[in-house]
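Asker: Can you keep this structure in mind? I'll have questions shortly.
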Amino acid sequence: MGKIYKLECDDGYYYYGSTKGSLETRFVFHKKDSKSKKSPVYKHINTIGWDKVRIVLIEEINEGIKIKEDEYIRNNINDPLCLNSNIVVSTEEDVKKWGKTYRETHKEQEKERIAKWQHENPEKMIERQRRHIEKDPEGYKAKQKAWYEKNKESVLEKQRLYREANRDKAKAYAKSYYRNITKSKSLEENHVDKTLS
């Protein structure tokens, strides 16, 4: 059976949580976590001291423990005395908002993480891109166009630098390409001449 509990501080601050174990065990783990984690609840309790905090059973529940905990937190999260900093069961909107905030504050780490993942998972990357295009081809084209317009100068500069660095390769490729086209046309003309005669 699950339990919804409240850490109550003598100064009126509080924190909601849930556990499937005993409240005593959960309280011990909170004390242990407070030595390494820097969440608002631990910052506050470390300031006032654990001797000024008690754990109180709010409700016992058979299932949906996280949903119930989330309900308590959502009902109190705007109270300045509530020390909960996160909602437990996030809506899709919450996840998007949190993700956007995280990506904005961790831009460099995210760039590195994504680049590493893309490098290590090229097949998955191609598959993901394929599914994205199939799901909304017009939206994908619009995003690509908007990205190109936004980055046009740097794209053109990269292309110019690439052409300069690979000028000989490009010439060799162009010769080979036009040679093949010429061969193909002469073969076609010979074929047409033979069929006409």
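Asker: Could you check how many residues of segment 40-70 are under 13 Å from Lys6 (Cβ atoms) and in contact with an Asp or Glu (Cβ under 9 Å, 6 or more places away or on another chain)?
Answerer: Adding up the residues that qualify gives 5.
Asker: Let me ask something else about it. Are any residues in segment 54-98 under 22 Å from Lys43 (Cα atoms), modelled with pLDDT under 90 and among the basic types (Lys, Arg), and if so, which ones?
Answerer: Arg74
Asker: Please verify whether segment 65-77 includes one or more residues that are part of a loop (DSSP other than H, G, I, E, B) and surrounded by 11 or more Cβ atoms within 10 Å (Cβ to Cβ). So that I can check it myself, show each step before the final result.
Answerer: At the first step, the residues of segment 65-77 found to be part of a loop (DSSP other than H, G, I, E, B) are 77.
Now restrict to residues that are surrounded by 11 or more Cβ atoms within 10 Å (Cβ to Cβ): 77.
Within segment 65-77 (the criterion being part of a loop (DSSP other than H, G, I, E, B) and surrounded by 11 or more Cβ atoms within 10 Å (Cβ to Cβ)), the answer is yes, since at least one residue qualifies.
Asker: Could you check, for segment 114-122, whether at least one of its residues is among the charged types (D, E, K, R), at pLDDT 90 or above, over 29 Å from Tyr14 (Cβ atoms) and not assigned by TED's automatic domain parsing to the domain that holds Ser22?
Answerer: Yes, segment 114-122 contains a residue that is among the charged types (D, E, K, R), at pLDDT 90 or above, over 29 Å from Tyr14 (Cβ atoms) and not assigned by TED's automatic domain parsing to the domain that holds Ser22.
Asker: If you go through segment 37-57 one residue at a time, do you hit one that is surrounded by 14 or more Cβ atoms within 10 Å (Cβ to Cβ) and part of a loop (DSSP other than H, G, I, E, B)?
Answerer: Yes, segment 37-57 contains a residue that is surrounded by 14 or more Cβ atoms within 10 Å (Cβ to Cβ) and part of a loop (DSSP other than H, G, I, E, B).
Asker: Out of Ala165, Ala170, Ala142, report the one residue that is surrounded by 11 or more Cβ atoms within 10 Å (Cβ to Cβ) and at pLDDT 90 or above. Write out each step before concluding.
Answerer: On the way: Ala165 fails: surrounded by 11 or more Cβ atoms within 10 Å (Cβ to Cβ); Ala170 fails: at pLDDT 90 or above.
Answer to the selection: Ala142.
Asker: On the given criteria, is Tyr16 touching a Lys or Arg at 6+ places or on another chain (Cβ under 6 Å) and outside any helix (DSSP H, G or I)? Steps first, answer last, please.
Answerer: Numbers: touching a Lys or Arg at 6+ places or on another chain (Cβ under 6 Å): yes; outside any helix (DSSP H, G or I): yes.
Spelling it out, Tyr16 is indeed touching a Lys or Arg at 6+ places or on another chain (Cβ under 6 Å) and outside any helix (DSSP H, G or I).
The values are calculated or read from the model by the stated rules, or taken from the named source; none is laboratory data. Bear in mind the structure is a predicted one, so any value in this text is a computation, not a measurement. Reconstructed Cβ throughout: ideal geometry from the backbone, glycine too, with neighbour counts over all protein chains shown.
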